[in-house]
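K.L.:
Structure below; questions to follow.
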Amino acid sequence: MGRKKRTVQKRYLRRRKWAAVLVALVLLGGGGIFYQQAHAVASVVSLDVNPSIEIGVNRGEKVVYVTPKNEDGKKVIGGMKLEGSDIRVAVNALIGSMLREGYISEMANSILISVNGDDAEKNAAMQSALSAEVTDMLNTGSFQGAVLSQTITSDPETKRLAEEYGITEGKAQLIRQITENNAAHTFEELAGLSVNELNLIGESGTKSIANVTSAGTASERAYIGEAEAKRIALAHAGVNEGDIYDYEFEMDYEHGTMIYELEFDCAGSEYEYDINAKTGEIIKFEADRRGSGP
């Protein structure tokens, strides 16, 4: 009986040992699945001002990675460790850094928020939530922010351009839309501009940027303004404001700088001006005699 009892005990111990191994394997497998889920990127949020930063987010809206796309982006991130934090916490921290470093200010107040991922409904909800939060954050200081937001429809050309010019896909998509509105622009000439400059160009005159939600107005504090540009043009043409008609005005980017384009008619002549938006210098002037006026 003693030998039989010892045999039974050995079998029991072996079973417990294998059961423990199986439990460990199950736990290990479950832990691996959890790890994969925690580090699987479901959406990519990009922030563009002049600093450009991409944030990988998992399905629980926790940050998986934060990647600067340029040197300014590196400066904004600094020593912050944002992995594992909620996307809203990470965005608030990055916007706060941009404000402290002067990248967002009353002189250049625009930011672009882009969301890219496979779940369109989730992307739209995240876009809306982040846009509202950043708008509130920027409008509590000494100036009003201008927040552009969009979801990204990934395609090979946008991805290629983003990689070629070292920018986010969000900024690449915005630039492509501006160039589609105005064939005079090239992607190359606009790629180096800040989001505030792109915002001013994209929304100037009768133009608008498709598929982009906009809150606030881009700052023109760094420029002379429409009223001063108009005064310069009228003085150069030697005409009075009350005598002109068919007046048109918009901001654009030409000759390697931001410019004001003004067109107006007076006494049967059509006038066109390109004026440096920062200095007030007349870059281009044309006058065409057309008739006797209205």
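K.L.:
Would you mind computing, in nm to one decimal, how far apart the modelled labels at Asp155 and Glu263 are, each placed 7 Å from Cα along Cα→Cβ?
P.N.:
2.8 nm
K.L.:
Got a number for the accessible area of Thr279? Probe 1.4 Å, square angstrom, nearest 10.
P.N.:
Spelled out: Thr279, probe radius 1.4 Å, area about 100 Å².
K.L.:
Per residue, how much accessible area does region 186-294 show when a 1.4 Å probe rolls over the protein heavy atoms, in square angstrom?
P.N.:
Result: 51 Å² of accessible area for each residue.
K.L.:
If you rank Met80, Met126 by how much accessible surface each has, with a 1.4 Å probe, what is the order from largest down?
P.N.:
Met80, Met126
K.L.:
Just the ratio, please: alpha-carbon radius of gyration of region 135-229 over 2.2 N^0.38 Å, N its number of residues.
P.N.:
That works out to 1.15 for region 135-229.
K.L.:
Checking the table Lys81/Lys278; Lys75/Lys159; Lys75/Lys284; Lys62/Lys159; Lys62/Lys278 against a 32 Å threshold on Cα-Cα, which pairs fail?
P.N.:
In this structure, Lys81/Lys278; Lys75/Lys284; Lys62/Lys278 lie more than 32 Å apart at Cα.
K.L.:
Students sometimes get this wrong: rank Glu169, Glu220 by accessible area, probe 1.4 Å, all chains present, largest first.
P.N.:
Glu220, Glu169
K.L.:
Let's test this: bin the Cα-Cα distances of region 163-294 at 5 Å from zero up to the farthest pair and state each bin's percent.
P.N.:
Bins of 5 Å from zero give 2, 10, 20, 19, 17, 13, 10, 6, 3, 1, 0 percent of pairs.
The values are calculated or read from the model by the stated rules, or taken from the named source; none is laboratory data. All values derive from a computational prediction rather than experimental measurement. Cβ atoms come from the backbone with ideal geometry, glycine included; neighbour counts cover every protein chain shown. These accessible areas exclude ligands, DNA and RNA; they are computed on the full protein's heavy atoms, side chains included. Shrake-Rupley method; radii C 1.70, N 1.55, O 1.52, S 1.80 Å.
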